[in-house]
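The structure appears below as structure tokens.
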Amino acid sequence: MVIPLPENPIKITCTHCGKTWDKKQLERSCSNCFACTGCEAYICPECRYEIVVVPIKPMKKN
């Protein structure tokens, strides 16, 4: 019998107000790039400040 492990909540702290949130509670801040750069940014529900975990990658020139 396999017992599933409980999910580890990932906590993110706002650098502006200092509140800590579970990643699942946060609203994503997506700029809808025509080619997704894989950034990871959220909006803090307390102060509405943008929390950037992984910044936007610059476009590559070919």
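With a cut-off of 8 Å between alpha carbons and a minimum separation of six or more residues, what is the relative contact order of segment 10-58 in percent?
Numbers: 72 pairs, mean separation 15.2, N = 49.
Rounded, it is 31 percent for segment 10-58.
May I ask you to compute the full-extension gain from Ile10 to Asn32, defined as 0.36 nm times their residue separation minus their alpha-carbon distance, rounded to one decimal in nm?
On the way: separation 22, 0.36 × 22 = 7.92 nm, distance 2.39 nm.
Taking Ile10 through Asn32 to full extension adds about 5.5 nm, to one decimal.
Bear in mind these aren't lab numbers, they're just calculated from the coordinates by the rules spelled out. All values derive from a computational prediction rather than experimental measurement.
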